[in-house]
Amino acid sequence: MSQRYFIFFRALAVALVVAMVPLFAANSILNQYALSIAEDEMSSMAERYLERAESSISTAVSALQRLDRDDIQTCSLPDRKLFQRVILGAGEIDAIGLVDRMGKRMCNVPDIEMNGEAILPNLRPDGPLVGIGMLNREFMGARAAVVSWDLRDGTRLFAEITPAVIAGDPGPAYLRGFRRAELRLGKDILWYEIGGYSSDGDGDSGLRVVLTSTQYPLEVSVFAPKSAAYQMVGDLKIVAAVACAGLVLLLVAIGVWFSWRPENEAHEDFIAAIRRGEFIPYYQPVVDIETGQLKGCEVLMRWRRPNGVIVSPGQFMEYAERNGYIFDMTRHLMRQTCIEVGKLYEENPDYKISINLFAGHFKDREVVQDLKSTYADSSISYQQIVVEVTERYPLEDIDLARKIMAEIQALGIRVALDDVGTGHGGMAYLQKLGVDIIKIDKMFIDSIGDDDSSTTIVDSMVELADNLGMGIIAEGIEKQEQVDRLIELGVTAAQGYFFAEPMPAAQFIEYAEELLAKEAEANDVIIDDDDDEDAA
Ligand code: C2E
Ligand code: CA
Ligand code: CA
């Protein structure tokens, strides 16, 4: 379970890291997008200001130009009436009149009180025909511009442009509370300003758009803080965050699925392998070291993969036992022995065949049933069978194990304790279980010859087995001197690479037949000898 949590949290961590990347990317893309949209909006705001300023100036200029051309250029009543008509015809123009050389009003339509104040700069002889000035009259942040037209006689016609022309364009809603716009005549004469945001306060982080007119000395600047633009994509950022959270979940799911899948796949592979009969018996001969005759074999499981590779039990046995697959595998193995070596065993009733069981087999009686159903009507008789149980791992319920063993023994099958000396069973264990045979582990056989104390251990095992009336099989014989020593100790049954490695059935049968042939030959020689004696 904790393994699963680990997998889950690992997948989560990876997913978080992986999802951070698109989250940051989405955020910066959205910010970038917001800035470019805001800049576009600000540009078009600036364009609108400029356009209105330009068109109102142009309207005023052409109105004044027309008046001049039509000789309507005095303060006379008829001229003033015509001024009035022009004002009514052009929405941008509030007032029309004349100023003198000093820029002071000479007359004004509609009539206002003349206070002697100059509304335009002094006339310059080399100046342009058109002049633009600014009045202090103000409307919603915009001042009234004055456009003048030089009549070349020391007087000028003028027209006042209504501030409402410029005022009242708030721009897009999301920028409204933050932006600042300025329209200037020349560099410093302010025509219109709106909004309080100051780009200086925000340093470089603000947005700024500046446009200048190609027709008149006009400049528009629009400022806004970037944060105002970012607000616009606030909702999209939430969407992006939710999408990334979804991505995290998806990645976790995929990660967990991928992490767990191998385990599930391993299980499925294994079950399929069992079903296909890939677990097969190998047979390792057990020989009589005094006579060299075959005493039988131990059945050792192998996994023959479809590609022909032979896998040893060390690679899969623990897994098979832990997951309970071993029960089916053992049943299959036992059935195979009948098919493969049944005939050999029928012909050689003295041969024994050892089957390995594990501790789990001694937890219920099913194993007794398995043995019965496999061997009751087979060519291998109960008397030929030995079941091995290892001392390496303890039996959980010794009393139950003992009862099951007794039932097995009642059939005529013998029970061997495997790997004796490696576990914690000890003497008491041995006696309590009442096994028929002990198998001395390779570990002790290995050190015969170079370690006196282990010879002593083997000595005492042999003595113990003799005293309890148990048989002995020595395992893992690899050298002649081990054989010699075992003979000295009176051990006769042995298995090991010195004689033969575990092998497939056909090879084992061949091996058995070779030994039988040798034996027959030896007997022949003896018979021949007898004949010779007779003849003599
Ligand atoms: P084990 O029952 O002690 O089997 C003896 C092991 O020693 C076998 O290894 C055998 O090939 C190996 N061996 C025999 N002679 C020599 C030798 O001279 N030198 C060396 N170095 N090794 C030798 P294997 O076949 O790899 O099996 C390993 C273990 O797997 C077995 O130990 C047994 O505990 C288990 N096992 C094998 N088949 C089965 C089975 O069908 N059921 C169960 N429950 N366990 C099995
Ligand atoms: Ca064994
Ligand atoms: Ca063993």
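Leu98 - would you say it is in a loop (DSSP other than H, G, I, E, B), touching a residue at least 12 places away in the same chain (Cβ under 8 Å), crowded, with 17+ Cβ neighbours inside 10 Å and over 60 Å from the mean Cα position of the chain (by Cα)? The answer is no for Leu98.
The residues of the range 350-365 that are surrounded by fewer than 16 Cβ atoms within 10 Å (Cβ to Cβ) and at pLDDT below 95, listed by number, are Lys363, Asp364, Arg365. Counting only residues that are more than 16 Å from ligand 2 (Cβ to nearest atom), charged (D, E, K, R) and without any contact (Cβ under 8 Å) to a residue 12 or more places away in the chain, the range 285-327 holds 1 of them. For Tyr393, indicate whether it is among the aromatic types (Phe, Trp, Tyr), away from ligand 2 (no atom under 16 Å from the Cβ) and assigned by TED's automatic domain parsing to the domain that holds Val341. In short, no. Of Glu290, Glu278, all but one fail to be farther than 15 Å from Ile380 by Cβ, charged (D, E, K, R), surrounded by 17 or more Cβ atoms within 10 Å (Cβ to Cβ) and more than 12 Å from ligand 1 (Cβ to nearest atom); the exception is Glu278.
Here Arg392, Arg402 are screened, and the one residue that is closer than 26 Å to Gln495 by Cα and either within 16 Å of ligand 3 (Cβ to nearest atom) or part of a helix (DSSP H, G or I) (or both) is Arg392.
For the condition among the aromatic types (Phe, Trp, Tyr) and touching a residue at least 60 places away in the same chain (Cβ under 8 Å), Tyr351 qualifies.
Residues of the range 343-395 that are charged (D, E, K, R) and closer than 16 Å to Ile326 by Cα: Lys363, Asp364, Arg365, Glu366, Asp370, Glu388.
In the range 221-238, the qualifying residues are those that are among the small types (Gly, Ala, Ser) and under 12 Å from Leu35 (Cα atoms), and the one that is surrounded by the fewest Cβ atoms within 10 Å (Cβ to Cβ) is Ser227.
Here's the yes/no breakdown for (1) away from ligand 1 (no atom under 16 Å from the Cβ); (2) outside the structural domain of Ala474 (by TED's automatic domain parsing); (3) farther than 16 Å from Leu357 by Cβ; (4) loosely packed, with under 13 Cβ neighbours inside 10 Å:
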position: Ala376; (1), (2), (3), (4): yes, no, yes, yes
position: Arg402; (1), (2), (3), (4): yes, no, no, no
position: Ile408; (1), (2), (3), (4): no, no, no, no
position: Gly412; (1), (2), (3), (4): yes, no, yes, yes
position: Asp418; (1), (2), (3), (4): no, no, no, no
position: Leu430; (1), (2), (3), (4): yes, no, yes, no
position: Thr456; (1), (2), (3), (4): yes, no, yes, yes
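Given the conditions (1) away from ligand 2 (no atom under 16 Å from the Cβ); (2) free of Cβ contacts under 8 Å to residues at least 40 places away in the same chain, and given that Glu407 satisfies all but one, which numbered condition is not satisfied? Evaluating Glu407 over (1) away from ligand 2 (no atom under 16 Å from the Cβ); (2) free of Cβ contacts under 8 Å to residues at least 40 places away in the same chain leaves (2) as the failure.
Listed by first and then second residue, the pairs linking a residue in the range 62-78 that is in the same structural domain as Asp153 (by TED's automatic domain parsing) to a residue that is acidic (Asp, Glu) and part of a loop (DSSP other than H, G, I, E, B), with Cβ atoms under 8 Å apart and 6 or more places separating them unless they lie on different chains, form an empty list. Candidates Gly423, Gly449: the one that is within 16 Å of ligand 2 (Cβ to nearest atom), assigned by TED's automatic domain parsing to the domain that holds Leu300 and modelled with pLDDT under 85 is Gly423.
Within the range 70-105, restricting attention to residues that are hydrophobic (A, V, I, L, M, F, W, C) and farther than 22 Å from Ile57 by Cβ, the residue that is modelled with the lowest pLDDT is Met102. Taken over the range 109-121, residues that are assigned to a loop (DSSP other than H, G, I, E, B) and surrounded by 12 or more Cβ atoms within 10 Å (Cβ to Cβ) amount to 5. Just one residue in the set Leu251, Leu183, Leu218 is surrounded by 15 or more Cβ atoms within 10 Å (Cβ to Cβ), within 45 Å of the chain's Cα centre (by Cα) and at pLDDT 80 or above; that residue is Leu251. Within the set Glu41, Glu92, the sole residue that is in contact with a Ser or Thr (Cβ under 8 Å, 6 or more places away or on another chain), crowded, with 17+ Cβ neighbours inside 10 Å and closer than 30 Å to Arg208 by Cβ turns out to be Glu92.
Filtering the range 373-394 to residues that are over 14 Å from Met405 (Cα atoms) and of a type in the set (D, E, K, R) leaves Asp377, Glu391, Arg392. The conditions of being touching an Asp or Glu at 6+ places or on another chain (Cβ under 6 Å) and either modelled with pLDDT of 90 or more or surrounded by fewer than 12 Cβ atoms within 10 Å (Cβ to Cβ) (or both) are not met by Arg322.
The values are calculated or read from the model by the stated rules, or taken from the named source; none is laboratory data. Note that this is a predicted model, so its numbers are computed, not measured. Note that each Cβ is placed from the backbone with ideal geometry, even for glycine, and that neighbours are counted across all protein chains shown.
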